[in-house]
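Here's the structure we're looking at; comments come further down.
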Amino acid sequence: MNILERIRGGGDRVAVVERPPQPVSWVEISESVSRLCSFDAGSVSVKVIQDSRPIHDKVVNSFLNKFFPSGYPYSVNEGYLTYTKFRALQHFSSAMLHVLSTQSLLFAAGLRPTPAQATAVSWVLKDGMQHAGKLICSGMGARMDSEPKSWRILADVLYDFGTALEVLSPLCPQLFLEVAGLGNFVKGMAVVAARATRLPIYSSFAKEGNLSDLFAKGEAISTLFNVMGIGVGIGLASTVCSTTQGKLIAGPLLSAVHIYGVVQEMRATPVDTLNPQRTAMIVADFVKRGKVSSPAELRYQEDLLFPNRLIEEAGNVKIGQPLRRVLSPQCVEQLKATFSNEKFLLSRKGNNTYMVLEQSATGEDALRGWLVAAFASEMERSGAGSGDTVLNEAYKRMESVFPVFVSEVKGRGWYTDQFLDGNRSRISYTESK
């Protein structure tokens, strides 16, 4: 105590020792689990103090936490569980096929009447063919963005075809390099297509910006069932499938299960981006019923094998044809005057409508053009005119309904800022000098 304090206080005082603040703590109770939470040294600590859940619930919750996104099922879009179930089936059957094909390759390589060094060189060349397949398929990325579900199915068909060639390789060991190389070439294309379509498919389920969580949990499911499939495949390879004849029986059955799984997996995926097929289906629904379907409602109606089919109610639109092939110079000037404020040109020829988009056209521009085509086709069928003569009236009709139409399209969950038409042709006007 200093002198000034002695004068003011008139004597010695007992010093008061300040105690450090106690950490703030509380108990959280959720689903029969009590957790003690506290702020301590700037961090939050959590300790389970009571868990009265049955063992079954603990196991299920632990599984969900490891293999499903946080907040499931509220953090994902409709169809995720169906997608995950068939994804598990797909990877389980694919892993078994992989074990059988690898055993066949090793057996075929051992049957070759060549020195071990030549066999090793052939094996390296065989793997090199897979890289060649990857390079060739990499140029098709824009088409995969447009039709990710169809390309995902094609990827698995190609993969199974490559696996079939590997399974058959012991029947012709003298052609090991040719057969195995072709199989790996096809599988290389399949790997690129499968990986390239993974992101748009996962994105269709992301509901709360949780794409990374979806990706991580999806890969965890794939890994789990790949390991299980490898285990069962090893069992098959050492018993009923130890011979080539056994593999020829089991292989097609596993491949059928594999393809069925991936088809059902893709059918459950509600992709919300606009491409030619989905745009035509949205417009056809609106013209017929006056309503717009959501991605979840439209997913089971998509044609995954022939996505380029034409829809009559939507105007039988063929999009992305080179302008020089579908229109004469005189027609181009006339159509530019008709659609002066638009980023598309339309021309009716027979029962089909040809649409060419400008380079900067968005999903809304494509919807406008498709709606004009649908109205023009409807007017032709009713006898109101033919050819390009009905386009003016169809355009006026589109202008009157489009604000309501596009508002409903966005309200139903469709993403209209882009139009994914693959590698189809677009135009960009240049000024004359």
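Structure values in brief
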item	result
The listed residue being more than 18 Å from residue 396 (Cβ to Cβ), open to solvent by less than 10 Å² (accessible area, probe 1.4 Å) and under 26 Å from the mean Cα position of the chain (by Cα), out of 367, 357	357
Long-range neighbours under 7 Å by Cβ, at least six apart or interchain, first residue over 18 Å from residue 254 (Cα atoms) within segment 217-241, second of a type in the set (Lys, Arg) and surrounded by 13 or more Cβ atoms within 10 Å (Cβ to Cβ)	221/87
Residue 127 vs. criteria in contact (Cβ under 8 Å) with a residue 60 or more places away in the chain and either in contact with a Ser or Thr (Cβ under 8 Å, 6 or more places away or on another chain) or of a type outside the set (Lys, Arg) (or both)	no
Given (1) more than 24 Å from residue 147 (Cβ to Cβ); (2) under 29 Å from the mean Cα position of the chain (by Cα), index of the condition residue 418 fails	(1)
Tally, over segment 376-427, of residues that are out of contact with any strand residue (DSSP E or B) (no Cβ under 8 Å at 6 or more places or on another chain), of a type in the set (A, V, I, L, M, F, W, C) and open to solvent by 20 Å² or more (accessible area, probe 1.4 Å)	4
Segment 311-324, residues that are on the phi > 0 side of the Ramachandran plot, of a type outside the set (S, T, N, Q) and at pLDDT 85 or above	315
Conditions (1) under 17 Å from residue 137 (Cβ atoms); (2) modelled with pLDDT under 90; number of the one not met by residue 194	(2)
Test for residue 290: is it of a type in the set (Gly, Ala, Ser), farther than 27 Å from residue 398 by Cβ and free of Cβ contacts under 8 Å to residues at least 24 places away in the same chain	no
Single unsatisfied condition, residue 310 versus (1) open to solvent by 40 Å² or more (accessible area, probe 1.4 Å); (2) in contact with a strand residue (DSSP E or B) (Cβ under 9 Å, 6 or more places away or on another chain); (3) not in a loop (DSSP other than H, G, I, E, B)	(3)
Condition met for residue 296 (within 18 Å of residue 398 (Cα to Cα), out of contact with any Gly (no Cβ under 6 Å at 6 or more places or on another chain) and open to solvent by less than 50 Å² (accessible area, probe 1.4 Å))	no
Test: residue in segment 325-341 that is small (Gly, Ala, Ser), closer than 19 Å to residue 373 by Cβ, modelled with pLDDT of 85 or more and surrounded by 13 or more Cβ atoms within 10 Å (Cβ to Cβ)	no
The lone exception for residue 106 - which of (1) within 26 Å of residue 215 (Cα to Cα); (2) modelled with pLDDT under 90; (3) assigned to a helix (DSSP H, G or I); (4) open to solvent by 70 Å² or more (accessible area, probe 1.4 Å) it fails	(1)
Criterion (touching an Asp or Glu at 6+ places or on another chain (Cβ under 7 Å) and among the hydrophobic types (A, V, I, L, M, F, W, C)) met by exactly one of 391, 357, 367	357
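Okay, residues lined up against (1) at pLDDT 85 or above; (2) buried (at least 16 other Cβ atoms within 10 Å of the Cβ); (3) under 21 Å from the mean Cα position of the chain (by Cα):
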site: 120; (1), (2), (3): no, no, no
site: 125; (1), (2), (3): no, no, no
site: 129; (1), (2), (3): no, yes, no
site: 145; (1), (2), (3): yes, yes, yes
site: 148; (1), (2), (3): yes, yes, yes
site: 155; (1), (2), (3): yes, yes, yes
site: 163; (1), (2), (3): yes, yes, no
site: 168; (1), (2), (3): yes, yes, no
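Residue-by-condition table, conditions (1) within 30 Å of residue 222 (Cα to Cα); (2) at pLDDT below 65; (3) exposed (fewer than 11 other Cβ atoms within 10 Å of the Cβ):
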| site | (1), (2), (3) |
| --- | --- |
| 4 | no, yes, yes |
| 9 | no, yes, yes |
| 48 | no, no, yes |
| 63 | yes, no, no |
| 70 | yes, no, no |
| 81 | yes, no, no |
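The values are calculated or read from the model by the stated rules, or taken from the named source; none is laboratory data. Model, not experiment: these values are computed from the prediction. Quick reminder, even Gly has a Cβ in these numbers, built from the backbone with ideal geometry, and neighbours come from all protein chains shown. Only protein heavy atoms, including side chains, enter the accessible area calculation; ligands, DNA and RNA are left aside. Shrake-Rupley method; radii C 1.70, N 1.55, O 1.52, S 1.80 Å.
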